[in-house]
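Novice: Can you read through this structure? Questions will come right after.
Please treat every number below as a calculation from the coordinates, not as lab data. Keep in mind that what you see is a predicted model, and the values were worked out from it rather than measured. No Cβ is skipped: glycine too gets one built from the backbone with ideal geometry, and neighbour counts run over all protein chains shown.
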Amino acid sequence: MKIQAALIAAASALVVATPAAANEWRLEARGGVAWANGVEKAIAGAALGYDADLGETAFAGIETSIDKILDGDASLTFGATARAGAKIGQGKLYATGGYSFGEGEDTWTAGAGYQHKVGSNAYLKAEYRRFFSVVDINVVAAGVGVAF
């Protein structure tokens, strides 16, 4: 039920954002490391997002994601987040925050990242996120994506 509610909320936000000018959808794959209490684990995931320009120097967007700690017993984590930031040349510097849920604990997240355009539609990104759970989890990830 939680997954359905989050997907409906994300889809609704995408529909509301559609009329804005200079819109940009994005699809990405990402991987990195998560750590908490001295334990580190590799992660991998994917995200679908939408960014809207807020003038020449700012933007705001939303994202739905799925991530997995690459450990045989780890469950999938789904996320619904928003981001806002500054456009800097061919890049975007942003803050992000949202909610993650899955078979484990549901939790709020916050972080920051940088996305840099490579070629006409591709981009690379680096991002830090903190998951505010009973045991706070830190994640650093790199991603590659395409904007359309």
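Novice: Note the count of lysine pairs whose C-alpha atoms are less than 12 angstrom apart in the chain, limited to pairs 8 or more residues apart or on different chains.
Specialist: 5
Novice: Under 15 Å from the Cβ of Glu127, count the other residues' Cβ atoms, weight Lys and Arg +1, Asp and Glu -1, and hand me the total.
Specialist: Values: positive: Arg26, Arg30, Arg83, Lys92, Lys125, Arg129, Arg130; negative: Glu28, Asp51, Glu63, Asp67.
Taking every Cβ under 15 Å from that of Glu127, the sum is +3.
Novice: Multiplying the sequence separation of His116 and Glu103 by 0.36 nm and subtracting their Cα-Cα distance, what value in nm do you get? Let's see the in-between values first.
Specialist: Details: separation 13, 0.36 × 13 = 4.68 nm, distance 3.31 nm.
1.4 nm is the gain from fully extending His116 to Glu103.
Novice: Residues in the range 114-148 near a label at Val33, defined as backbone nitrogen under 11 Å from the 7 Å Cα→Cβ point?
Specialist: 140-141
Novice: Spin-label point model (7 Å from Cα, Cβ direction): what's the Glu24 to Leu70 distance in nm?
Specialist: 2.8 nm
Novice: Helix 2-17 versus the longest principal axis of the chain: what is the Cα-based angle in degrees, 0 to 90, to the nearest 10?
Specialist: In the chain, helix 2-17 runs at an angle near 10 degrees to the longest axis.
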